[in-house]
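Throughout, read-outs are computed from the coordinates displayed, never taken from laboratory work. In this text, all values refer to a predicted model and were calculated from it rather than measured experimentally. Cβ coordinates were reconstructed from backbone atoms using ideal geometry, including for glycine residues, and neighbour counts include every protein chain displayed.
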There are 4 protein chains.
Amino acid sequence: MAKIKAGVLGATGAVGQRFIEGLKDHPWFELTSLAASERSAGKKYSEAARWRLESEMPENAADMTVVNVNPKEVDADVVFSALPSDEAKRVELDFAAAGFAVASNAGAYRMAADVPLLIPECNQEHLEIVKIQQEKRGWSTGGFLTTNPNCTTIMFTLALKPLMKFGIKSVQVASMQAVSGAGYEGVPSMAILGNIIPYIGGEEEKVETEPQKILGTFDGQKIIDADFTVSASCHRVPVMDGHTEALWVCMAEDPTPEEVKKAMLSFDPGLGDLPTSPKKALIVKDEPDRPQPRLDRNRGNGMSISVGRIRSGIRFICMGHNTVRGAAGASILNAELMVKKGLL
Amino acid sequence: MAKIKAGVLGATGAVGQRFIEGLKDHPWFELTSLAASERSAGKKYSEAARWRLESEMPENAADMTVVNVNPKEVDADVVFSALPSDEAKRVELDFAAAGFAVASNAGAYRMAADVPLLIPECNQEHLEIVKIQQEKRGWSTGGFLTTNPNCTTIMFTLALKPLMKFGIKSVQVASMQAVSGAGYEGVPSMAILGNIIPYIGGEEEKVETEPQKILGTFDGQKIIDADFTVSASCHRVPVMDGHTEALWVCMAEDPTPEEVKKAMLSFDPGLGDLPTSPKKALIVKDEPDRPQPRLDRNRGNGMSISVGRIRSGIRFICMGHNTVRGAAGASILNAELMVKKGLL
Amino acid sequence: MAKIKAGVLGATGAVGQRFIEGLKDHPWFELTSLAASERSAGKKYSEAARWRLESEMPENAADMTVVNVNPKEVDADVVFSALPSDEAKRVELDFAAAGFAVASNAGAYRMAADVPLLIPECNQEHLEIVKIQQEKRGWSTGGFLTTNPNCTTIMFTLALKPLMKFGIKSVQVASMQAVSGAGYEGVPSMAILGNIIPYIGGEEEKVETEPQKILGTFDGQKIIDADFTVSASCHRVPVMDGHTEALWVCMAEDPTPEEVKKAMLSFDPGLGDLPTSPKKALIVKDEPDRPQPRLDRNRGNGMSISVGRIRSGIRFICMGHNTVRGAAGASILNAELMVKKGLL
Amino acid sequence: MAKIKAGVLGATGAVGQRFIEGLKDHPWFELTSLAASERSAGKKYSEAARWRLESEMPENAADMTVVNVNPKEVDADVVFSALPSDEAKRVELDFAAAGFAVASNAGAYRMAADVPLLIPECNQEHLEIVKIQQEKRGWSTGGFLTTNPNCTTIMFTLALKPLMKFGIKSVQVASMQAVSGAGYEGVPSMAILGNIIPYIGGEEEKVETEPQKILGTFDGQKIIDADFTVSASCHRVPVMDGHTEALWVCMAEDPTPEEVKKAMLSFDPGLGDLPTSPKKALIVKDEPDRPQPRLDRNRGNGMSISVGRIRSGIRFICMGHNTVRGAAGASILNAELMVKKGLL
């Protein structure tokens, strides 16, 4: 089978680099186009980007010439968007209109009624709404737009999925978020070395509204939000990668910690075998002091969410890799779902 | 006025050093005795202890000869205990029986019915229970035992005090605790560099039971616990000093954030002017990203609690210096209260 | 005595804040003017600046209105310059020509032949060259320009001063520099958390040329550089404040470590009692694992240099506070020297 | 071919875990025995050890029963020793005498005249001295003892190897060493968070004597040390893994930086294709700010040494993974060399 051509929008930044890393040796996708700002366009990628990851820059990307973020310059079937939100707002619809399948990590269109906000393990059926999106927006090119959630949302929403059967009423989440979530220049070292910043602009608003859409129901026409509330307190910590979250979940059926654990352990996302879906989407740790970002963020190649300390309350900890499962890896898994569903 | 003679039990450890620092140039107390384990006894303090604080070792302490943790060897009116819990359990009663006023930072007797668990700004009247303690235990020497709370408890309990009038029903707290709380050898660097440990042994149990005693009522005979619940999730972070806490407080009267802020701003602990009581016990920060441990832990010489981000929910952040306000400084303030109340 | 009026140029940045902190309650200087970029000018300082220091913003500064970096807008006798090098290059001469005594931390004019590069403990006599400066440049207003060295230079050059009598031939220095040296936004956390960056742009060049001027001889007309070489390797480390330096010093007389130590201990800078000159300019530590930035950077209110591990080689470690002794404190001490010498 | 049976001595500690990780799926060796202290012996490895690595504990190790560090209990052809130096001193000779090939990371016998101190890329011919070792010690069982250097030594000695032809006269090295080099409990977080410790007990002595043996000549009977001096200054930094070293190398032929670079680039260790020898033993980085531990330590699966900033002096930076190339990986490569040379 010929591979599907894949482009990356915003290819030089921290998440753009994670897309390139995640697409390396991908069995279904072949990296064919790297788009970035005018400053980078025209240069070889190895000259345009300063590679910040612990892995090496893949050779195929290094030699590619960067193009502008313009549908006419990008040669791809699917584009992965690591654009900043304002730029995403301007151009992602153009890409979709021009016939690209767009898998976006940006926040711009997550809450648009006709745009699916996907965690494949949670709501693969929401992908179908792109048909309505294409109709409504008059796109006949086959293009469409999908999004993945905010990095902090993804971790605990995946952990909440198997608990939906207990009747979730309210969720409280205190996050301890890695600096990579803010991009390479996002957090000065003088701000965070040996320190905590108990505020991340705009984060709590996203965390408090996205889960209900993700865990909502698609009735064939629209997504009906799940009926629970989320109250968040988001904090930046001196950790490179891996968001750790402390949760309180109030449920109608008041399950015991053992029942919660059992529900998580037996969780089957019904995804089958996608190339980057981890063997276990949810890992439940029994050690009293886990999960920890340093030790657990790379489980399932960074795609597994680790849960621990399930206690009465119900309280638990969940942790995942914010720039893999919480960003680039999320969109790549979304694109794999598109292939599985025949949309790519 | 002659100064009151003060000793430190467990003088070589991290909290013991904070006691010595806090007693330097104290207007009411004079450091007269340093007690530590057999290994240290008989040595000059400057040889027995490796000083770990950013300030310099006070000269008067440096030249003192360390004695054993034995009432017969300690020359003092009041002793400050920085002993580990098990040793505190063994010897603190002996010191009280022998006539010492004991101001303990250890956890051993905090929850004993006849031992006051003091935050002077919250429950100075609880100190009177030492009369009952002396009677009940048959101590005629004038000695007695007082304690200060766990470091994590102190921060938010002080912040809860002015909210009691709104009818606190339940509290949820997620802590991000500094490594100094575990003592000098407590947290290996390999465990915490660039990492989060979502567990601190025994901590949540203390945090969930101490506040109700502190904010309870002394009826002349016994302390009646305040009637609310606390649910805690405690986490270690790579910060040297300063515990940051995210709180949700559910109150019967459902005050607005503005009402909560006003209650905190107008909070008067009724302490008068004790030597180390800060000008403001509670500082309310208006900046969206404060308090932060690095920037705010030294307010009020480490004795002020800083609060910020008071939002609907009611949610807020509180932060304080864990080895000053949360340990040595707490006991020294307790001893100042004893002087004010005529017990010393 | 009326205090001397002092202004700060570049008052909102990291070093500017250290100037304001250092001038608080200064016995000789009174802060009268704060100058910063157009963006800040016209605002109250408390609104223009985000205060990043652990101390609180001094109240007198908070209420001051920021002015432009323009001699006509600044009301002061002496100005302390924390300007970036390019802006310093443009405006510092204007300030001197307009009659201000300029004490600059910027690199722009350090190596100009008629500008003294001062460490008062090393070369107070170099200050006299400002007379020649005024003549040569035709300044009749009484203004003049002085500079302090690069932060890395200061630490070890002060430690070399008492060794000059042994005939220094060559110096090798490997530095481990704190992030605050690069300014608040200088080092992204993603660059330095748990990492070392073995390069600081332009630093080694400064470190290799400034010491010879500082330790050179003023013959009444010009400064004759000292005759030794410096070879530097500069590295950034995840430390907030405090530059640590490992040195090898090759000397003609080949002194023993004991002789080196003795020379340092008996070093008398001949400064008398200036307000911020530390009781000991050089502290020699005997503990095998000192000095350390966390424990020693605040000695002498941040103005002492701590030396340790003097071994054969001659090798030793020296460490000092880079934004106090290495920046703002250095210029304030220079201004105190001006007063002592009758230039202010 | 049947695999060679491999045991690990000191299997529960930080280096022991790296041995187990390095032996996972090894093409020539099969893990057959895990030995540790009495406290662990008899337990399943997964119960005896707390796994501290970012990778997962290999399943074959998890289920193995730990035995005592006793030749009679260990079932293996080759044993890898991660023992502390004093225990290594006691038992490694017993293992060799009992017929085991011992590949030790411990410091106990590195400088013994008849024990090879190996870096296969530097001195593979030294391995032959084990014949003399066996004779001299009267071992007829086929057992023998080999060692790998101290972690700090390995990095720069490998970088020096291609420079030997220029006539190395003296070397100065300032190291910035990761905390993992001290073992899991070795460095308390309170000692190193945001700090530098300019001292590592015993380290400089090793670094100053091992390179001359490694780069020395084996004349068929004994190893004749290379004739140059090393002067070291060793420092601990808040980095998890990866030792960074700043070097000055004085050479008789006074090569240019370009000649040094060329010598490194053309360096061929003549090892052929051993399973864990990296494609490039020495990587030369051209970027001005590299190598960095976070970005470069995993090159060549942690077995490559990265060099950068080759400047006049000759100065350069070298960096490698201290618990892989500098410890467990070093001994595994030594054992591969034994196989190649027919000793296993």
query: Using only the Cα atoms of the protein assembly as shown, what do you get for the radius of gyration and for Dmax, in Å?
result: 32.9, 94
- prompt: Is it possible to state the helix-based mean residue ellipticity at 222 nm for chain A, with each DSSP H run of 4+ residues giving -39500 (n - 2.57), the sum divided by total residues, to the nearest 500 deg cm²/dmol? What is it?
  reply: -7500 deg cm²/dmol
- request: Could you list D:244, D:209, B:141 in order of exposure, starting from the residue whose Cβ has the fewest other Cβ atoms within 10 Å?
  value: B:141, D:209, D:244
field: Principal-axis tilt of helix D:329-340 within chain D, Cα atoms, nearest 10 degrees
entry: 80 degrees
- line: Amide H neighbours of residue B:64 at under 5 Å, excluding residues fewer than 5 places away on the same chain, with H built from the backbone geometry, are B:45, B:46
query: Shortest first and in nm to one decimal, what separations exist between residue C:39 and its copies in the other chains, measuring from label points 7 Å along the Cα-to-beta-carbon line?
result: 1.5, 5.3, 5.5
- line: Around residue C:93 (Cβ within 13 Å, Cβ-to-Cβ, excluding residue C:93; K/R +1, D/E -1) the net charge comes to 0
task: Shortest first and in nm with one decimal, please list how far the residue B:27 label point sits from its counterparts in the other copies (point 7 Å along Cα→Cβ).
output: 2.4, 7.7, 7.9
task: Please compute the net charge surrounding residue A:66, taking Lys and Arg as +1 and Asp and Glu as -1 over other residues with Cβ under 12 Å from its Cβ.
output: -1
query: How big is D for chain A, in µm² s⁻¹ as a whole number, if Stokes-Einstein is applied with the Kirkwood radius of its Cα pairs at 10 °C and 1.306 mPa s?
result: 79 µm²/s
query: Taking 1 over the mean of 1/r across every pair of different Cα atoms in the stretch D:151-321, what Kirkwood radius in Å do you get?
result: 16.6 Å
statement: Output row for residue B:135: copy-to-copy label distances, label 7 Å along Cα→C-beta, ascending, in nanometres, one decimal, is 8.2, 9.1, 9.3
- request: Give, rounded to the nearest 20 debye, the magnitude of the charge dipole that the stretch D:177-251 has about its Cα centre when Lys and Arg contribute +1 at Cβ and Asp and Glu contribute -1 at Cβ.
  value: 120 debye
message: Run the simple label-point estimate for residue C:256 and residue B:75 please: 7 Å along Cα→C-beta, distance reported in nm.
response: 4.2 nm
- line: Computed over the Cα atoms of the stretch B:1-43, the Rg and Dmax in Å are 11.0, 36
- request: Report the GluC sites (Glu not before Pro) located in the stretch A:1-76 that are in a DSSP loop and have at most 11 other Cβ atoms inside 10 Å of their Cβ, or state none.
  value: A:38
Cβ neighbours within 10 Å from other chains - mean over A:307-313: 2
- line: Taking max minus min of the Cα coordinates of the stretch D:87-224 on each principal axis, largest first, gives extents in Å of 53, 40, 20
- prompt: Dipole size in debye (nearest 20) for the stretch A:151-321 around its Cα centre, Lys and Arg Cβ +1, Asp and Glu Cβ -1?
  reply: 400 debye
statement: If unit charges are put on Cβ atoms (+1 for Lys and Arg, -1 for Asp and Glu) and the dipole of chain D is taken about its Cα centre, the option from D:34, D:293, D:332 lying farthest towards the positive end turns out to be D:293
- request: Take peptide D:173-185, look around each residue's Cβ out to 10 angstrom, count Cβ atoms belonging to other protein chains, and average those counts.
  value: 4
query: Which residue of chain A is nearest the rotation axis onto chain B, counting by its Cβ, and what is the distance in whole Å?
result: A:174, 2
statement: The size of the Cβ-based charge dipole (Lys, Arg +1; Asp, Glu -1) of chain A about the Cα centre, to the nearest 20 debye, is 240 debye
message: For the stretch B:260-344, what is the number of Lys pairs with C-alpha distance below 26 angstrom, counting only pairs 8 or more positions apart or on separate chains?
response: 10
message: Using Cβ contacts closer than 10 Å as the measure, can you line up D:176, D:251 from fewest to most?
response: D:251, D:176
task: Could you state the angle between the C-alpha long axis of helix C:85-97 and the longest principal axis of the C-alpha atoms of chain C, as a value from 0 to 90 degrees rounded to the nearest 10?
output: 60 degrees
message: What is the sum of charges, Lys and Arg at +1 and Asp and Glu at -1, for the other residues whose Cβ falls under 12 Å from the Cβ of residue D:263?
response: 0
query: In peptide B:238-248, what is the residue-averaged number of other protein chain Cβ atoms found within 10 Å of each Cβ?
result: 6
query: Against the longest principal axis of chain B, how steep is helix B:203-214, in degrees 0 to 90 to the nearest 10, with axes from Cα atoms?
result: 90 degrees
message: 5 Å is the cut-off here: which amide hydrogens, built 1.01 Å from N in the peptide plane, fall below it relative to residue C:98, excluding neighbours closer than 5 in sequence?
response: none
Built amide H within the under 5 Å cut-off of residue A:284, gap 5+: A:307
- prompt: Using θ = phi - 60° and the Karplus form 6.51 cos²θ - 1.76 cosθ + 1.60, what ³J(HN,Hα) does each residue of the stretch B:230-237 get, whole Hz, x for Gly and Pro?
  reply: 10, 10, 10, 9, 10, 9, 9, 10
field: J(HN,Hα) series, the stretch A:272-287, from Karplus relation 6.51 cos²θ - 1.76 cosθ + 1.60, nearest Hz, glycine and proline x
entry: x, 10, 7, x, 10, 6, x, 3, 10, 5, 10, 10, 9, 8, 9, 4
task: Output ³J(HN,Hα) for the stretch C:246-254: one whole-Hz value per residue in order, computed from phi by the Karplus curve 6.51 cos²θ - 1.76 cosθ + 1.60 with θ = phi - 60°, and x for Gly and Pro.
output: 9, 10, 10, 10, 9, 10, 4, 8, 6
Cα-based equivalent ellipsoid of the stretch D:102-143: semi-axis lengths in Å, sorted from largest, via gyration tensor: 18, 12, 9
